[in-house]
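The values are calculated or read from the model by the stated rules, or taken from the named source; none is laboratory data. These numbers were taken from a predicted model, which means no experiment stands behind them. Cβ coordinates were reconstructed from backbone atoms using ideal geometry, including for glycine residues, and neighbour counts include every protein chain displayed.
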Amino acid sequence: MSLIDIRRVFTQVEDIWHEGGPRAEHPLRRGAIAAVLTNPFAGRYEPDILPMMEALNPVGLDMARRLLAAMAVPAEAIQGYGKGAIIGAAGELEHGALWHVPGGYAMRELLGWKGDAAAYKAGQGGAPTGQRGNALAIVPSTKKVGPPGATLDVPLTHINASYVRSHFDAFEVRVPGAPRPDELVLVLAMSCGPRVHARVGGLAADAIAQWDGQR
Amino acid sequence: MPADIRKLVVQVDEIRREMGRDVNPPTRRALAIAVIANPFAGRYVENLDALIAIGEELGGLLGEKCVQALGIAPGQAQSYGKAAIVGEAGELEHAAAILHPKLGAPLRKAVEKGAALVPSAKKQGGVGTAIDVPLGHKDAAFVRSHFDAIEARVSDAPRAHEIVVAVAVTDSGRPLPRVGGLQAHEIVGQDGLR
């Protein structure tokens, strides 16, 4: 049997015009997609879980494409991203860690990252080149074990430089009724700009200079 | 005066499998939610016409957003529902003004026809309050396979002076309906019930 058994797909897109301050001419658009799938390792300790990581690669790419389509913007419009996982109660936190590579790689490839896919999977994909590029920054993440309807605050940072202060954000994601104990909720999130009233200084997106994924 | 919309949230919930069985075609439920300023927060106002007009505006806007998110022709919509959460500085009647007098007509236009009552729910709540939006078949309220609900929640709303307004539209009933009753293919669709 395939390791991948998706029960449900949940997408959410929001437009934010203001938060009590001046109304933005173009609202901030943020989106998240969550796949609810069977955790093939629920209920037992399985030492070798890596085959699932491999099996999740096409799932990640499909989710990233679906999310971009739901947000109805070109890939160039995406400025922030993040990912996360909620593991049902019969699983362990480590099962959520399976999402790090497939989830991160999926969005970065979609957004134009030109690195080495094999190196990425070996954990060395972020080696900085100092050259201008896209999706250079690590994809921030969070994970937890939770009951059906658990909320997950998915962190968001700028796709090219993690220290861009205006783009530090988080997107609360929650699928009512999921995960069941033997399920995983895997999440990707993307945003099209800074916080709607960003004004606490720090590195600005137009001041990215080192192209090392951080500054 | 048009609604002062702070935030618009659109969700699609697609169910492909349930209890290990394929749901074919998958059920899809869309939810469109507007977070708006409550023009009457903090005081008693007798005449609620401004909120009634906002309800009319949002019925069309949110209904169309749902149909668009589902990627269907309006006539393919099968069930609908509506709900509102009033922030702490408002009153329950503000939700009633938005939902009941005029929201339905433009929503029905967005989903084509809609002979049946649009089922509704309302409450007061704080930031992050969830509301279960009831769902019923749009042309015949007795269709048992389409009695359902979808949970609506915006993590940072409603603030005290806001109202969360939600409209749900589906292109399907429950994932594996098998409790009998009136079937969707048996309806006449004239009297709103059968």
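Applying the criterion of being crowded, with 20+ Cβ neighbours inside 10 Å and of a type in the set (Val, Ile, Thr) to the residues of the stretch B:99-152, the residue that is nearest to residue B:69 (Cα to Cα) is B:111. The C-beta contact set for the stretch B:113-133 (first residue over 14 Å from residue B:154 (Cβ atoms), second residue of a type in the set (Ser, Thr, Tyr) and crowded, with 16+ Cβ neighbours inside 10 Å, distance under 6 angstrom, 6+ apart or interchain) comprises B:118/B:80.
Comparison of A:90, A:77, A:85 shows that the only residue that is away from chain B (no Cβ under 14 Å), of a type outside the set (Asp, Glu), surrounded by fewer than 23 Cβ atoms within 10 Å (Cβ to Cβ) and over 24 Å from residue A:166 (Cα atoms) is A:90. Applying a threshold of 6 Å to beta carbon distances and a minimum spacing of six or more residues, or different chains, the list of pairs starting in the stretch A:1-17 at a residue that is touching a residue at least 40 places away in the same chain (Cβ under 8 Å) and ending at one that is part of a strand (DSSP E or B) and small (Gly, Ala, Ser) reads A:6/A:35; A:9/A:35; A:10/A:34; A:12/A:32; A:13/A:31. Search the stretch B:20-41 for residues being at pLDDT 95 or above and in a loop (DSSP other than H, G, I, E, B), and hand back the single one that is nearest to residue A:36 (Cα to Cα). Checked the stretch B:20-41; the qualifying residue nearest to residue A:36 (Cα to Cα) is B:38. Just so you know, in the stretch B:1-19 the residues that are assigned to a strand (DSSP E or B) and among the acidic types (Asp, Glu) include one that is farthest from the other protein chains (Cβ to nearest Cβ), and it is B:18. Taken as a whole, the structure leaves residue B:115 outside the set of residues that are assigned to a loop (DSSP other than H, G, I, E, B), of a type in the set (A, V, I, L, M) and over 16 Å from the mean Cα position of the chain (by Cα). Among the residues of the stretch A:19-50, those that are more than 18 Å from the chain's Cα centre (by Cα) and within 26 Å of residue B:18 (Cβ to Cβ) comprise A:38, A:39, A:40, A:41, A:42, A:43, A:44, A:46, A:49.
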